[in-house]
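Inspection log for the structure reproduced underneath, given as structure tokens.
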Amino acid sequence: MLKYLFAKNEDIPAGSAAVFFGFSAIIWFVIGTGLGSFNAAKLAFPDFVTGNIYFAFGHMRQVHVMAVIFGWISMAFAMAMMYITPALGNTKLWSEKLGLWNCLLWNVGLTLGLTVLWAGITSGREYSDFPWPVDLYLAFFVFIPLAVNVWMTILNRRTQGIYTTNWFFAAAVFMVIIVFLVGNSPEFFHLTGLTEAYLTWWFAHNVLGLWITPVAAAIAYYTIPKVTGNPLYSHRIGHLHFWSVVVFYSTPAAHHLMSAPLPEWLKSFASVEGVLILVPAIAFVSNIMLTMKGKWHMFVENIEVRFTITGCLMAIPLNMQGGFQQTRAINWYIHGTGWIVAHAHLALLGFSTFLEAAAVYLGLQTIMKRKLYSLTLANMHFWLLLIGFSIYWVSMTIAGLIQGAGKIYEVPYIDVVIAEHPYMIARWIGGTLVFTGNVLWLYNMWMTARKGTEVPEGRMPHELGYER
Amino acid sequence: MAGFREYKVGSRLFALAFGGSMTITLFFPSINIASVSSTDVALSKQLAVGHETGFNLEDPFLQGKNKPVVVALKADPKTGQPLADAISVFVYQPGTTFPAGILHPRILGQGIEQLSVEQGHITDAQKAYGAVFTVSKGTYQGKEFSFIDNLTATKGWMPADVMHAAKDEDISHAGAGKTYFVREGCWWCHTLLPEQTQDWQVFGAPPMLGDFNGESPTAFGSDRKAPDLMHVGSRNSSKEWLMMHFFNPRLVQPHSIMPRFDYLWGEKDASGNKIDYDKWRAEYDDYREGKRVSPPEVPAYASDSEIRSLIDFMLSLK
């Protein structure tokens, strides 16, 4: 990869940027989930690696979160954009060279950002923990170059219309820049008090709602029709999905602060808009499920379809939780408990990760023209992820309900900690399974690059049988 | 270039939809929030904590630099005359950045702003000379308000005078403590926001709209795995308990899952002796395994250690 950084754009093979992004994403996924497993161990066994400032839980928790969001998830998005956007425009990526530099600077910036966070150099704001110089770096050397590449590729397309996936890509890369610059403004301009508190959650909500959710869904709009060969069930439902994301998903930021002193109208408004998130969610899930018509055997046989459909199915409980848990009727009980931690993992490790993993599997095989090295390893990856995640989600949901009950029945806090202990161990086991699965995945993709059977010109990888 | 010719309507609708939601979620709340007046809590909190406790260029490594101290003053530092009532003053040594309320009195709110500027002379405070502030009461247009009083301007008390008169036990490093609270990630488990449930009866009153003016970061926390700390200083004000709990929480609460923060003691203890952590941990392990009857003594912390500031911050959370 690195040898192409100073090559002429025309001399760089198509897909180089996507491959660079793809492997970077998998490596960050291994790192991010490894840190998650380590952190979970500390919650289950508080004296595990103790008395060292650099391995303290409070220094490492945010490194895990930022590594999976801006390393794994966002880089997998970039990988998908680098190969899906040109494919859908019947053209080449506008600049492979920009893509390669984008990926290099992304890895450098993220490494720098996570290192300073690890050292305790933090803005102290959840999800926007990076100090503001790192935020500026990410905006100007990560997201703006990515947006330029995606937008120029779409503008230079050789098709008349723009396919659904590319609407989402184009809108999301634009919105994430706005979210980054506005959401971090308390740090740039030293805004204080409730403004700071509100903007923290404005950022946290919108980075999920206007970046992670729509891009993950956009990927499914590509992978399912592409692999199954069925056309997308409905372009119109796609429209409904897109417009309801822009209108409804961009407004409920304040529902993260339902118990904080914010203007009441703002909380009520956010809460109603929060329920309306069900509109894009139902549109998306039904559209994908109906696209599968007649091809459900691929849910069993094909690894990309299996990952994508599992992710889509997880969007159902995700949005049912998300839509209703933020209403006052439910929020007072579960706010700030493990229930929310479980929900966040359902969004990022359940729904979103499964869709991106499919895109990375499909993309790396397609670009490298190599059949997946081992179906067995891929199956193990799938099941370790699914079982590990399920253990995590179930145990944290139960722990959250215990905490909620403890909160309202005035149980002494330490009794809640004691009651949660078994679930903390289960959470660590679940997280460790996910980490193990990802190590297998990295090995599998590496072997695919080196030893995978060559896919003949004009063929898709899924048309070939698996060999191992 | 195919461009967006056929997407004119779509592009404009997008601008309308996205612009509309930004107006409702950013512009409208900003009008509301900007009109919130500071409560007494917000005034004393921002004076105690100073300008910024997250990353900032004056203290990039979050070492508790560039912070004020709070001094409980019993006598006039210039004349030595005893004061009728002991007062809390907030001492900004020369070069220390003032909090947002001093730099931008507008955020204090109607009445408080005018009193702080006209009677409290806060706009006369200069970073190069430092300043001593307190919270006083005054009336503006017939209503009583608390306001920020710049004692350096109104009484001529210089930071050095106050520090000279103060004894170490009268000084609180709560501002530096808040920095460590942020750096060590205490807020990943301990919220600073009792919720609107029966929580109130255990963890105390929830905060009010104006309790946060001038504070950054607010560090409410969202993932509560431990008791809320907003009023912890009222529930438990024992320095000895806090000291043991920070050094190894399992000394006072066997089921606690809190990490040990013994590393905040630094190299040396209160009497200047080097702290032998390995020895302490070995002895503690022996105690856990039943080879010792009692756990080893927790070393007394030095007065300039990080843990001292963090405990001062805990005690300031009334």
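When you look at B:THR39, is it more than 23 Å from B:ILE102 (Cβ to Cβ), more than 7 Å from every other protein chain (Cβ to nearest Cβ) and of a type outside the set (A, V, I, L, M, F, W, C), yes or no?
Details: more than 23 Å from B:ILE102 (Cβ to Cβ): no; more than 7 Å from every other protein chain (Cβ to nearest Cβ): yes; of a type outside the set (A, V, I, L, M, F, W, C): yes.
So B:THR39 fails the test.
What do you reckon, is A:ILE282 part of a helix (DSSP H, G or I) and either open to solvent by 40 Å² or more (accessible area, probe 1.4 Å) or modelled with pLDDT under 95 (or both)?
On the way: part of a helix (DSSP H, G or I): yes; either open to solvent by 40 Å² or more (accessible area, probe 1.4 Å) or modelled with pLDDT under 95 (or both): yes.
So A:ILE282 fits the description; yes.
Looking across the stretch A:253-264, the residues that are part of a helix (DSSP H, G or I) and within 8 Å of chain B (Cβ to nearest Cβ) come down to A:ALA253, A:ALA254, A:HIS256, A:LEU257. Of all residue pairs spaced 6 or more apart or on separate chains, those with beta-carbon atoms under 8 Å, a first member in the stretch A:102-124 that is at the interface with chain B (Cβ under 8 Å from one of its Cβ atoms) and a second member that is open to solvent by 10 Å² or more (accessible area, probe 1.4 Å) and not in a helix (DSSP H, G or I) are A:ALA119/B:PHE61; A:GLY120/B:PHE61; A:ILE121/B:PHE55; A:ILE121/B:PRO60; A:ILE121/B:PHE61; A:THR122/B:PHE55; A:SER123/B:PHE55; A:GLY124/B:PHE55.
When the stretch B:182-215 is filtered for residues that are more than 7 Å from chain A (Cβ to nearest Cβ), part of a loop (DSSP other than H, G, I, E, B) and either closer than 20 Å to B:ALA100 by Cα or within 14 Å of the chain's Cα centre (by Cα) (or both), only B:LEU192 remains.
B:ASP124 meets all of the listed conditions (1) under 30 Å from A:SER259 (Cα atoms); (2) touching a helix residue (DSSP H, G or I) at 6+ places or on another chain (Cβ under 6 Å); (3) open to solvent by 30 Å² or more (accessible area, probe 1.4 Å) but one, namely (1). Only one entry in A:ILE402, A:ILE367 is buried (at least 17 other Cβ atoms within 10 Å of the Cβ), of a type in the set (Val, Ile, Thr) and within 14 Å of another protein chain (Cβ to nearest Cβ), namely A:ILE402.
Give the number of residues within the stretch B:261-281 that are of a type in the set (D, E, K, R) and in contact with a helix residue (DSSP H, G or I) (Cβ under 7 Å, 6 or more places away or on another chain). Steps first, please.
Looking only at the stretch B:261-281, we keep the residues that are of a type in the set (D, E, K, R), and these are B:262, B:267-269, B:274, B:276, B:278-279, B:281.
From what's left, in contact with a helix residue (DSSP H, G or I) (Cβ under 7 Å, 6 or more places away or on another chain): B:262.
Qualifying residue count for the region: 1.
Does B:THR197 satisfy the criteria of being of a type in the set (Ser, Thr, Tyr), out of contact with any Asp or Glu (no Cβ under 9 Å at 6 or more places or on another chain) and under 30 Å from B:MET258 (Cα atoms)?
Working: of a type in the set (Ser, Thr, Tyr): yes; out of contact with any Asp or Glu (no Cβ under 9 Å at 6 or more places or on another chain): yes; under 30 Å from B:MET258 (Cα atoms): yes.
Here the answer is yes, as B:THR197 does meet what is asked.
For the stretch A:234-252, the candidate set comprises residues that are surrounded by 22 or more Cβ atoms within 10 Å (Cβ to Cβ) and assigned to a loop (DSSP other than H, G, I, E, B); within that set, the residue that is nearest to the chain's Cα centre (by Cα) is A:SER250.
Looking at B:MET243, B:MET208 in this structure, which one is open to solvent by 20 Å² or more (accessible area, probe 1.4 Å), closer than 20 Å to A:ILE53 by Cβ and in contact (Cβ under 8 Å) with a residue 60 or more places away in the chain?
Working: B:MET208 fails: closer than 20 Å to A:ILE53 by Cβ.
Step by step, each of B:MET243, B:MET208 is checked, and only B:MET243 is open to solvent by 20 Å² or more (accessible area, probe 1.4 Å), closer than 20 Å to A:ILE53 by Cβ and in contact (Cβ under 8 Å) with a residue 60 or more places away in the chain.
Between B:PHE61, B:PHE28, B:PHE14, the distinction of being of a type in the set (Phe, Trp, Tyr), open to solvent by less than 40 Å² (accessible area, probe 1.4 Å) and within 11 Å of chain A (Cβ to nearest Cβ) belongs to B:PHE14 only. Taking the stated definitions as given, is B:ILE257 part of a loop (DSSP other than H, G, I, E, B) and either assigned by the TED database to the domain that holds B:GLY50 or touching a Leu at 6+ places or on another chain (Cβ under 7 Å) (or both)? It is true that B:ILE257 is part of a loop (DSSP other than H, G, I, E, B) and either assigned by the TED database to the domain that holds B:GLY50 or touching a Leu at 6+ places or on another chain (Cβ under 7 Å) (or both). Out of A:TYR373, A:TYR423, one residue alone is under 26 Å from A:SER37 (Cβ atoms), crowded, with 20+ Cβ neighbours inside 10 Å, within 14 Å of chain B (Cβ to nearest Cβ) and in contact (Cβ under 8 Å) with a residue 60 or more places away in the chain. It is A:TYR423. B:ALA153 meets each of the listed conditions (1) assigned to a helix (DSSP H, G or I); (2) within 23 Å of A:GLY193 (Cβ to Cβ); (3) away from chain A (no Cβ under 14 Å) apart from (2). Counting only helices (runs of 4 or more DSSP H) wholly contained in the stretch A:295-365, the ones carrying 1 or more residues that are basic (Lys, Arg) occupy A:303-325, A:328-334. Under the condition of being more than 14 Å from every other protein chain (Cβ to nearest Cβ) and in contact with a Ser or Thr (Cβ under 9 Å, 6 or more places away or on another chain), the residues counted in the stretch B:232-253 number 1. In summary, A:PRO231 fulfils each of the numbered conditions (1) more than 9 Å from chain B (Cβ to nearest Cβ); (2) open to solvent by less than 10 Å² (accessible area, probe 1.4 Å); (3) not charged (D, E, K, R) with the single exception of condition (2).
Being surrounded by fewer than 12 Cβ atoms within 10 Å (Cβ to Cβ) and either touching a Lys or Arg at 6+ places or on another chain (Cβ under 9 Å) or closer than 22 Å to A:PHE55 by Cβ (or both) is the filter here, so list the residues in the stretch B:246-275 that pass it. Matches in the stretch B:246-275: B:GLU267, B:LYS274.
The values are calculated or read from the model by the stated rules, or taken from the named source; none is laboratory data. Because the structure is predicted, anything quoted here is derived from the model rather than measured. Glycine gets a Cβ as well: all are built from the backbone with ideal geometry, and neighbour counts include every protein chain shown. We work out accessible area using only protein heavy atoms, side chains counted, and drop any ligands, DNA or RNA first. Shrake-Rupley method; radii C 1.70, N 1.55, O 1.52, S 1.80 Å.
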